[in-house]
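Worksheet: one structure, shown below.
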Amino acid sequence: MSKKIFVRYLATFLVLVLLIPVFKTQNVYASTTHPKTEMRAAWIATVTNIDMKAGMNKSAYTQWVKTTLDKLKADNFNTVIFQAKPLNDALYPSKLAPWSSYITGKKQGTNPGYDPLQIMIDEAHKRGLELHAWVNPYRVTMPSQKLSDLATNNIARKNPGWVVKYGNQYYLNPGLPEVQKYLVSTVKELVANYDIDAVHMDDYFYPYKIQGETFKDQEAFKKYKGSFKQVEDWRRNNVNQLVKNVYNTIKATKPHVQYGISPFGIWRNKGQDSTGSDTNGMSNYDDIYADTRQWIKDGSIDYIAPQIYWSRSYKAANYTKLLNWWGHEVQTYAKAHPVNLYIGMADYKVGNDADKAWNDKTELTNQVIANRGSTSVNGQMHFSLRSINSNSLGYATYLKQQMYPSKALTPSVLWKGSSIPARPTDVTLSKESSETKLTITDKNSTLPRKYVIYRFDGTKEGSYEDPKNILDIVYHTKGNTVYVDTTANRSKVYTYGIKSVSHTGVESKNAFVLSDGITELPTPGVFNDISSKHRAYKEITYLAQGNIVSGDTKGDYNPSRQVTRAEAMAMIGRSLNLDGTKRKTIFNDVNPNSFASGYIQSAVDKKIISGYNNGTFKPNAPLTRGEMALMISKTFEYDYNNSTSGAAQALITRGIAVGLEDGTFGTDKKIIRSDYAIFLARAIDFTLRVNNPTISFDSEMTVNIDSCVIKKGPSDKFAQVGTLKRNEKVRIGYSVGSWTLIQSPTNVIGFVPHSSLN
């Protein structure tokens, strides 16, 4: 490829004419939305051991594969392009090619004792990653090698007449029919024997030109030229025929396997052809005899991924201009022969190129933004693994954070089959230790290639178009397909939606939906002024389920209204299940008929409040943030050093409250109803707190009744989330009034009456 180890070849061909003006892009660079469907591939180059070291035994190699793919998956890549045939060899047992020396580090033909490609496929699919097998058709040796270095069963040694030496390397002669037949047979063997998702070729067809050297194929031209008068046209036709024959062979063997090519970034320059790109450099058409545009016209590929390995400010071959040119070409011929357009990205240049634009880690990220701004581009491929791992300038971290924060599906090939698959016929859920296991059973007549697992908080489905809701992608396996959700928060309620994905990447319209066994009751009393987008929606909804908060006669919650001290105590009283019967209190300013009188007196009895020295409670006075902190700290028995600042710190450290933008807690500021609901709900239910605090279930008790119902909150009014039997052991979290937060033997977390435990 014209990638890092071959950059030196480009200098011979790129004519750096600095006369090309920089035009504004037609794409929308400001687009930063994250698509649900996007190719995100990483090349893993094995030639000269660029990305894979030689000499690993099976155990070491398998561990390397697992570690490599785990990182790519964590970075939200969805495809690996593994170089399975770097030369005329193989990283798998083949009857047509010898073992590659790049796996063992020994002489070509040495058996490593295991199948590197099969391991890579298995581990990729276990992680929901596509595996594209990357092959280099004509290249026989690298510059440092002689034919005698090759294995004796290498086709180049068995048929030396098929070989052409050009420069310091050897190539199979593309003009020989027997060479083409052999190359097609190697692809057929690969596709027939392995469950790959695609066959991938890069930019090595006829070799890159060397000044003063002639590619010696004149005899073949004389013999097989047919009606071609120019050797250049004949060479291009040889490559076109190989591409077409490989495509047809793949589809005849396994129709769903895609065929993609990643050519050099320039088809032809405008100076050579008026329909070419506004560039000035080496071209596929004229220099390596690869008529890349013709493959789009013919529909003899499923995707094309031009290597646009230049910056957006590089004049001779400008990224933006090439992006727009390729997009235009794909769109022009899409109706007759659609193909997916991906862009080859020069990760290896970040922080390491004469073009100073690459000293900015955002250059590559901005190129991804430009890709997304094009209506023709379906994603990108990154060269290569070593650069991603080395993370020069921190670009890869920035890429993940800014561009790949969530997962994405690989693009479909609708023109190869647009049938919408049926959802899986059944999915069951079980909880085992700290994991949630989904078992997908599919008895549909046509089985899918993959499943997409969506996960939503709560008991309702969310958007299936938002990629943030994609939990994972799994390949269909014979029998039951099992997926283990290791990231589920045991104290949360989830709804899972599982969709099927066909062999051509089409997603089912419907999903099989199930909850994780924890059922919530419908929210009572939906407030007119609290939408699902309100910042306190979750907390207000939670408290409303337990009748801890209520609205006015119009059905409004009035979230922006200040909380009075009486209202605050009524909410706390309901949280603790205190006696709210209206009655006389110790305070001379609390009317016995007040809605909060019973809760206020019960709080006095519990020594939660004491009032002011003059015997008043000031029930109608607005509550301050400092008073709120004291009330909640006393109610939930936090250690607060009998001070307002200590109470505020107790709430902050527990993830219940946060400070203000000015760095203070705002002790004297009045608190509104929405904020008070947030803090109170977080105190009761730790899963609502910020910064994902952990709760220690550090003691054990035994259930002392025959059937003990677990509730989502500390009241019978909350939804049931589970059941316990007599003598079951539970782990203890904290108490809210007469209720205790527990963790059951099956890891259900909720509240039970303390009286039901010994």
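The values are calculated or read from the model by the stated rules, or taken from the named source; none is laboratory data. Remember, it's a predicted structure, so these values are computed and weren't measured experimentally. FYI the Cβ positions are ideal-geometry reconstructions off the backbone, even for glycines, and counts take in every protein chain you see. For the accessible areas, the whole protein counts, side chains as well, though only heavy atoms, and no ligand, DNA or RNA atoms are used. Shrake-Rupley method; radii C 1.70, N 1.55, O 1.52, S 1.80 Å.
Quick notes
Yes/no per residue for (1) over 19 Å from ASP302 (Cβ atoms); (2) modelled with pLDDT under 95; (3) aromatic (Phe, Trp, Tyr):
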| site | (1), (2), (3) |
| --- | --- |
| VAL135 | no, no, no |
| THR141 | yes, no, no |
| LEU150 | yes, no, no |
| GLY161 | yes, no, no |
| VAL164 | yes, no, no |
| TYR171 | yes, no, yes |
| PRO177 | yes, no, no |
| GLN180 | yes, no, no |
| VAL184 | no, no, no |
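- Contact map, region 321-334: residues that are closer than 15 Å to ARG372 by Cα and modelled with pLDDT of 95 or more paired with residues that are aliphatic (A, V, I, L, M) and open to solvent by 10 Å² or more (accessible area, probe 1.4 Å), Cβ distance under 6 Å, separation 6+ or inter-chain. No pairs are found.
- Residues of region 359-388 satisfying the condition of being part of a helix (DSSP H, G or I) and within 18 Å of the chain's Cα centre (by Cα): THR365, VAL368, ILE369, ASN371, ARG372, LEU385, ILE388
- Among residues of region 214-246, those that are assigned to a loop (DSSP other than H, G, I, E, B) and under 15 Å from TYR289 (Cβ atoms), counted: 7
- Near pairs, Cβ below 7 angstrom, 6+ apart or cross-chain, from region 210-229 (farther than 19 Å from LEU172 by Cβ) to any residue that is of a type in the set (S, T, N, Q): GLN211/THR12; PHE228/ASN237
- Annotation for region 375-397: no member residue is touching a strand residue (DSSP E or B) at 6+ places or on another chain (Cβ under 9 Å) and without any contact (Cβ under 8 Å) to a residue 40 or more places away in the chain.
- Test: SER735 is among the small types (Gly, Ala, Ser) and in a strand (DSSP E or B): yes
- Only a single item in (1) in a loop (DSSP other than H, G, I, E, B); (2) within 21 Å of VAL506 (Cα to Cα); (3) in contact with a strand residue (DSSP E or B) (Cβ under 9 Å, 6 or more places away or on another chain) is not met by LYS478, and it is number (3).
- Restricting region 206-230 to residues that are at pLDDT 95 or above and open to solvent by 90 Å² or more (accessible area, probe 1.4 Å), the residue that is nearest to LEU87 (Cα to Cα) is LYS216.
- Every pair of residues 6+ apart whose Cβ atoms lie under 6 Å, when the first sits in region 746-758 and is without any contact (Cβ under 8 Å) to a residue 40 or more places away in the chain while the second is assigned to a loop (DSSP other than H, G, I, E, B) and open to solvent by 10 Å² or more (accessible area, probe 1.4 Å): HIS754/SER738
- Counting only strands (runs of 3 or more DSSP E) that sit wholly inside region 100-184, those with at least 1 residues that are under 32 Å from the mean Cα position of the chain (by Cα) are 130-135.
- Selected residue [polar (S, T, N, Q), more than 19 Å from VAL736 (Cβ to Cβ) and modelled with pLDDT of 90 or more] from THR564, THR519: THR564
- Taking the criterion of being closer than 19 Å to ALA511 by Cα and open to solvent by less than 70 Å² (accessible area, probe 1.4 Å), the residues of region 412-427 that qualify are SER412, PRO421, ALA422, PRO424, THR425, ASP426, VAL427.
- Among the residues listed as TYR557, TYR542, the single one being part of a helix (DSSP H, G or I), in contact with a helix residue (DSSP H, G or I) (Cβ under 9 Å, 6 or more places away or on another chain) and of a type outside the set (A, V, I, L, M, F, W, C): TYR542
- Taking the conditions (1) in a loop (DSSP other than H, G, I, E, B); (2) open to solvent by 40 Å² or more (accessible area, probe 1.4 Å); (3) under 28 Å from THR541 (Cβ atoms); (4) touching a residue at least 60 places away in the same chain (Cβ under 8 Å) in turn, SER491 satisfies each one other than (2).
- When region 84-128 is filtered for residues that are among the hydrophobic types (A, V, I, L, M, F, W, C) and in contact with a strand residue (DSSP E or B) (Cβ under 6 Å, 6 or more places away or on another chain), the ones remaining, listed by number, are ALA84, LEU87, LEU91, ALA97, LEU117, MET120, ILE121, ALA124.
- Matching residues in region 316-336 - criterion: being charged (D, E, K, R) and either open to solvent by less than 20 Å² (accessible area, probe 1.4 Å) or touching a helix residue (DSSP H, G or I) at 6+ places or on another chain (Cβ under 9 Å) (or both): GLU329
- Only listed residue being of a type outside the set (A, V, I, L, M, F, W, C) and open to solvent by 30 Å² or more (accessible area, probe 1.4 Å), chosen from LYS95, LYS85: LYS95
- Of the numbered criteria (1) in a loop (DSSP other than H, G, I, E, B); (2) under 25 Å from THR33 (Cβ atoms), the one VAL452 fails is (1).
- The residues of region 57-82 that are surrounded by 14 or more Cβ atoms within 10 Å (Cβ to Cβ) and part of a loop (DSSP other than H, G, I, E, B), listed by number, are ASP75, ASN76, PHE77, ASN78.
- Pairs where the first residue, in region 622-635, is polar (S, T, N, Q) and the second is buried (at least 24 other Cβ atoms within 10 Å of the Cβ), C-beta under 6 Å, 6+ apart: SER633/ALA647; THR635/ILE572
- Filtered by the rule that a residue be open to solvent by 20 Å² or more (accessible area, probe 1.4 Å) and of a type in the set (A, V, I, L, M, F, W, C), region 494-521 gives PHE512, VAL513, LEU514, LEU521.
- Residue in region 336-358 that is farthest from the chain's Cα centre (by Cα), counting only those that are in a helix (DSSP H, G or I) and touching a residue at least 40 places away in the same chain (Cβ under 8 Å): ALA357
- Scanning region 124-154 for residues that are of a type in the set (Asp, Glu) and surrounded by 20 or more Cβ atoms within 10 Å (Cβ to Cβ) gives a single hit, GLU130.
So that you can scan it fast, the table gives a plain yes or no per residue for (1) at pLDDT 95 or above; (2) among the small types (Gly, Ala, Ser); (3) open to solvent by less than 10 Å² (accessible area, probe 1.4 Å); (4) within 19 Å of GLY379 (Cβ to Cβ):
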residue	(1), (2), (3), (4)
GLY260	yes, yes, yes, yes
GLY271	yes, yes, no, no
ASP287	yes, no, no, no
THR292	yes, no, yes, yes
ALA305	yes, yes, yes, yes
TYR314	yes, no, no, no
PRO338	yes, no, no, yes
ASN352	yes, no, no, no
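- Hey, ASP472 open to solvent by 30 Å² or more (accessible area, probe 1.4 Å) and within 19 Å of the chain's Cα centre (by Cα) or not: no
- Residue check, GLN258 in contact (Cβ under 8 Å) with a residue 60 or more places away in the chain and more than 27 Å from GLY167 (Cβ to Cβ): yes
- Taking the listed residues ILE678, ILE656, ILE710, the one that is within 23 Å of ALA544 (Cα to Cα), in a loop (DSSP other than H, G, I, E, B) and open to solvent by less than 30 Å² (accessible area, probe 1.4 Å) is ILE656, with no other qualifying.
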